[in-house]
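I have placed the structure first, in the form of structure tokens, so that the comments after it can refer back to it.
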Amino acid sequence: RFMPNDPIIRGDLAIIIDRMLGLSKITYNYFRDLYTNDYYRESVLRCVAAGYINGVGENKVNPRGNATREEVAVILCRIFNIDTTYSGSTGFKDDSSISSWARSSVYALSRLGYLNGTPDGKVNPKSNITRAEMITLLNNFADTYIPRVDGDDSGSVFVSNFPKNIVVGRNITLNNTTVGRDIYLTQSASTLSLRDTKVLGRIVCFEDVNLALVNTEVSNITLLSEKSEIYGVSDSIGEI
């Protein structure tokens, strides 16, 4: 059973994030409610190490608690490095119900088209997010997902256009390609080669990477780690 309409607990949310992003670094377990035999233990600790999930106070992380819609909005903005500087009204009818610490994240995700409200114009920020809603949100971000393991024999060289985001889990090459939004290079990918390619959004690198750019236009390259190497830097790169 998938139980699509059931709430997703924080521990299961950590597992999904861990698998999708190929997280490798782990932190010491100082949480009183995270036990050795918990199936989500290591995923929670890797998400904490990456700064995606925080404790809830009193040395607890509440892994069995249900994740709310506004909580997930904040986590996704952390993961995908979304600009959350705006803190005004979101435009939803229940805007006043959004916690102050989540308002800018809810606004950012709705503005970018990742988080949608209900037909009556509400976002229901404090409602538990269901498993199906969580998958829909991640699918909105990872319009194309290239996983760590090449299970469908798609290889490492891609010659096609991608209208929205690509989330990349292994080393790949893009040839003669247009990417309509962002490329997210997860922790399990260390090399990205682009040739005769145009990226309308950003290349966001979660870990130390080698980027090779040949006759390629990119509006922004964002490096979230300490060391990376970029070959082929030119005026075709808007910002690093």
When you go through Ser87, Ser99 one by one, which is the residue that is open to solvent by less than 50 Å² (accessible area, probe 1.4 Å), touching a helix residue (DSSP H, G or I) at 6+ places or on another chain (Cβ under 7 Å), of a type outside the set (A, V, I, L, M, F, W, C) and without any contact (Cβ under 8 Å) to a residue 40 or more places away in the chain?
Ser99
Selected residue (criterion: most open to solvent (accessible area, probe 1.4 Å)) from residues of region 41-80 that are farther than 16 Å from Ile8 by Cα and among the charged types (D, E, K, R):
Glu58
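Based on what the data block shows, is Ile8 surrounded by fewer than 18 Cβ atoms within 10 Å (Cβ to Cβ), among the aliphatic types (A, V, I, L, M) and over 16 Å from the mean Cα position of the chain (by Cα)? Explain how you work it out, then say what you get.
Working: surrounded by fewer than 18 Cβ atoms within 10 Å (Cβ to Cβ): no; among the aliphatic types (A, V, I, L, M): yes; over 16 Å from the mean Cα position of the chain (by Cα): yes.
For Ile8, the condition - surrounded by fewer than 18 Cβ atoms within 10 Å (Cβ to Cβ), among the aliphatic types (A, V, I, L, M) and over 16 Å from the mean Cα position of the chain (by Cα) - is not met.
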With (1) outside any strand (DSSP E or B); (2) surrounded by fewer than 17 Cβ atoms within 10 Å (Cβ to Cβ) as the list, and Val123 as the residue in question, which single condition is left unmet?
(2)
Note: among Tyr184, Tyr145, just one is open to solvent by 40 Å² or more (accessible area, probe 1.4 Å), in contact with a strand residue (DSSP E or B) (Cβ under 6 Å, 6 or more places away or on another chain) and assigned to a strand (DSSP E or B), namely Tyr145
Tally, over region 197-232, of residues that are small (Gly, Ala, Ser), under 22 Å from the mean Cα position of the chain (by Cα) and in a strand (DSSP E or B)
2
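The values are calculated or read from the model by the stated rules, or taken from the named source; none is laboratory data. Predicted, not measured: the structure shown is a model, and the values here were computed from it. Methodologically, a virtual Cβ is constructed for each residue, glycine included, from the backbone with ideal geometry; neighbour enumeration extends over all protein chains shown. To get the accessible areas, we keep the full protein, side chains included, count just its heavy atoms, and leave off ligands, DNA and RNA. Shrake-Rupley method; radii C 1.70, N 1.55, O 1.52, S 1.80 Å.
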